[in-house]
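Asks: Pasting a structure here, questions to come.
The values are calculated or read from the model by the stated rules, or taken from the named source; none is laboratory data. Every value quoted in this text rests on a predicted model; they were computed, and no experiment measured them. Using ideal geometry, Cβ is built from the backbone for each residue, glycine included, and neighbour counts are taken over all protein chains shown. Calculation scope for accessible area: heavy atoms of the full protein, side chains included, ligands and nucleic acids excluded. Shrake-Rupley method; radii C 1.70, N 1.55, O 1.52, S 1.80 Å.
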Amino acid sequence: MSEQYLESDRSQIRPKPALANGPKNAFQPAVRQLKSRLAQLTPSMNQLIHISIEVPAIDLLGWLADNPHPEQSYWQNRDSQFALAGLDRALVIEATEFSQVDRVMADIKTALDQASSIGTGAVFLGGIGFDSGMTGPWQAFKAVSFQAPLCFVQQRHGQFELGFNLYSTTRSGWHQQTKRLTQLLAGLCFDTPPKPVAKNAIVHRQDSLSLAAWRDRVAQTLSAIANGQIQKAVLARRVDLRLAHAANLPDLLSRWRDLNPASFSFLLSQSGTRFLGCSPERLFVRRHQRLDTEAIAGTLPRGRNRADDLFYGRQLLTDPKLRREHRLVSDFIGQQLAPFCTEIDTQHKAHVLKLSAIQHLCQPIQANLQPGVANHQLVQALHPTPAVCGYPRQAAKDLIDRLEPVERGWYSGAVGVVSDAGAEFAVAIRSALYRDNRLFCYSGVGIVEGSVAEQEWYELESKLQTLLELIEQ
């Protein structure tokens, strides 16, 4: 890795696209067109119907805040070139075991191939757990779950569309779904005046690990490294928060995204439980046969001033422990992708990636895929990476299963979107689970030779800093 100092600051606020200035009637022609098209449809079994119509620009998270629903969904990619906000679900494809991700991806491909589309085409969004364990607060979630929203607004390259998806296997199911859609369309709100968000408060905090317990687990991990069983393991901690009142999650995610605007932001719901996050890390993006991924590892705080910040950035590039941790991730990705690619470019120099509270080492990796490579093969090859699990992967995962006191669920899993043109996934870090005024916050750190338990404990807390501050703002 070169020691040349390169940096990208993703904490800088990007200008938002010009939005429609509030008139609901600017969206009513599109709503009327969708109602008319819906009324003209005849029941169609086992085929995904997708219809979307161009509308004025709108803040998608604001739209979700204006249209409460127990099954809300949201995704925005890191460069803000695609975003999708959904209400309710037309088609859900899921599995209880990670080993079934091949079947889920195949079913999504079949649904997209056979879909009848007017507009830009259907998109599935969803996620994959760290593993198949879905207990405790994760009981509503499956190991793998993707959905096509019933009603949605999406943005592609600055163009906005309002639309719907329909899918049913029975005539009665079709009528039930169209009835729900009719009610949604009739009640949609657009660009209502912003409402003041009541200040929230954390009334109770409980950590899944004490500092003493953390020291013990780090010691066990370092022993496994010294014995040659593993080279790295990523240990995580959960912090359970009870809030004074219900959180406005679209507003919280919007403010979170504003602090780290070049991150992936997401909100996924299952039976009233919601998983949200603002992740800096890409698992991969696939556009036909082109693949882009990256190695992110090594963490230090942002500086109190410019000189401090530069010092920490240079330390990321020169510290042997941090470079070793990053190299494990980079080498793993190259090895895992090799069977599926005609060409892999891992020669890009690592640069310093700056977020609002912390900074990482980041190395872009590009590849050209062999013909016939499916999305599930890429997911299985890359997930979980050493950045969230460790190396070797299975040995590190076995250690994590033994040492971590709570299930990760979808934390450090993968979240993203799948369409007929490709797929894009983020690593589900900087994330939290919400249900009934309780927020379950997760953070993890990589343990390698030379790690110090107290320093890693501080890093665990620094990764939660932004979210904890946002809750009480």
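Asks: Among Pro149, Gly298, Gly136, which residue has its Cα positioned farthest towards the positive end of the charge dipole of the chain, with +1 placed on the Cβ of Lys and Arg, -1 on the Cβ of Asp and Glu, and the dipole taken about the Cα centre?
Replies: Positive-most Cα among the choices belongs to Pro149.
Asks: In a shell of Cβ-Cβ distance under 14 Å around Lys321, excluding Lys321 itself, what net charge do Lys and Arg (+1) and Asp and Glu (-1) give?
Replies: -1
Asks: Something else now. Take the solvent-accessible surface of the protein heavy atoms, probe 1.4 Å, and return the percent of it on the chain that carbon and sulfur atoms account for.
Replies: 49
Asks: Please list Ser132, Ser265 in order of solvent-accessible area, largest first, computed with a 1.4 Å probe with all protein chains present.
Replies: Result, largest first: Ser132, Ser265.
Asks: I've got another one for you. Return a single number: how many Lys pairs in the chain, at a sequence separation of 8 or more or on separate chains, have alpha-carbon atoms below 25 angstrom apart.
Replies: 23
Asks: To the nearest 10 square angstrom, how much accessible area does Arg156 have with a 1.4 angstrom probe?
Replies: Arg156 has an accessible surface of roughly 70 Å² with all protein chains in place.
Asks: Label the stretch 266-346 by shape, choosing from rounded, prolate and oblate, from the square roots a ≥ b ≥ c of the eigenvalues of the Cα gyration tensor; if a/c is under 1.5 it is rounded, and otherwise prolate applies when a/b is larger than b/c, oblate when it is not.
Replies: Judged from the Cα gyration tensor, the stretch 266-346 comes out oblate (a/c at least 1.5, b/c at or above a/b).
Asks: Still on this model: Going by a ≥ b ≥ c, the root eigenvalues of the Cα gyration tensor, does the stretch 287-441 fall in the rounded group (a/c under 1.5), the prolate group (a/b larger than b/c) or the oblate group? Write out the running numbers ahead of the final one.
Replies: Values: a/c = 1.60, a/b = 1.16, b/c = 1.38.
Note, shape of the stretch 287-441 comes out oblate.
Asks: Further question: Using a 1.4 Å probe and ignoring any ligands, DNA or RNA, find the accessible area of Arg171 and quote it in Å² to the nearest 10.
Replies: Counting only protein heavy atoms, the figure is 150 Å².
Asks: Ok, one more. What is the ratio of the Cα radius of gyration of the stretch 178-245 to 2.2 N^0.38 Å, where N is its residue count, to two decimals?
Replies: The stretch 178-245 yields a ratio of 2.17.
Asks: Please say if the stretch 397-473 is rounded, prolate or oblate, where rounded means a/c under 1.5 for a ≥ b ≥ c the square roots of the C-alpha gyration tensor eigenvalues, and otherwise the choice is prolate for a/b larger than b/c and oblate otherwise?
Replies: Numbers: a/c = 1.77, a/b = 1.24, b/c = 1.43.
In terms of gyration-tensor shape, oblate.
Asks: Rounded to two decimals, what is Rg over Rh for the stretch 286-332 when you use alpha-carbon atoms and the Kirkwood radius?
Replies: Ratio value, two decimals: 1.16.
Asks: Further question: Explain nothing, just the number: relative contact order of the chain, from Cα pairs under 8 Å at least 6 residues apart, as a whole percent.
Replies: Across the chain, relative contact order equals 23 percent.
Asks: At q = 0.13, 0.14 Å⁻¹, what log₁₀ I(q)/I(0) does the stretch 182-309 have when each alpha carbon counts as one equal point scatterer in the Debye sum?
Replies: Per q value, in the given order, log10 I(q)/I(0) is -1.00, -1.13.
Asks: Could you tell me, in Å, what Rg and Dmax come out for the Cα atoms of the chain?
Replies: Reported Rg and Dmax, both Å: 22.2, 69.
Asks: Once the Cα atoms of helix 171-187 and of the chain are each reduced to a long axis, what angle between those two axes, in degrees from 0 to 90 to the nearest 10, is obtained?
Replies: On a 0 to 90 degree scale, this one is about 90.
Asks: Give me the 1.4 Å probe accessible area per residue for the chain, excluding ligands and nucleic acids, in Å².
Replies: Per residue, the chain has an accessible area of 40 Å².
Asks: If you don't mind, another one. Can you give the log10 of the normalised intensity I(q)/I(0) at q = 0.18, 0.21, 0.22, 0.27 Å⁻¹, computed with Debye over equal Cα scatterers of the stretch 17-101?
Replies: Treating every Cα as an identical point scatterer, log10 I(q)/I(0) equals -1.09, -1.31, -1.35, -1.44.
Asks: Would you calculate a helix-derived [θ] at 222 nm for the chain, using -39,500 (n - 2.57) for each DSSP H run of n ≥ 4 and dividing by the full residue count, to the nearest 500?
Replies: When only DSSP H runs of four or more count, the value is -9500 deg cm²/dmol.
Asks: For the stretch 326-333, take each phi angle, set θ = phi - 60°, evaluate the Karplus expression 6.51 cos²θ - 1.76 cosθ + 1.60, and give the result in whole Hz per residue in order, putting x for glycine and proline.
Replies: With coefficients 6.51, -1.76 and 1.60, one gets 5, 5, 4, 5, 4, 5, 4, 4 Hz.
Asks: Restricting to the chain, what percent of DSSP beta bridges are antiparallel, rounded to 5?
Replies: Roughly 95 percent of the DSSP beta bridges within the chain come out antiparallel.
Asks: Which value, in Å to one decimal place, does the Kirkwood hydrodynamic radius take for the stretch 111-233 when every pair of different Cα atoms is included?
Replies: 20.5
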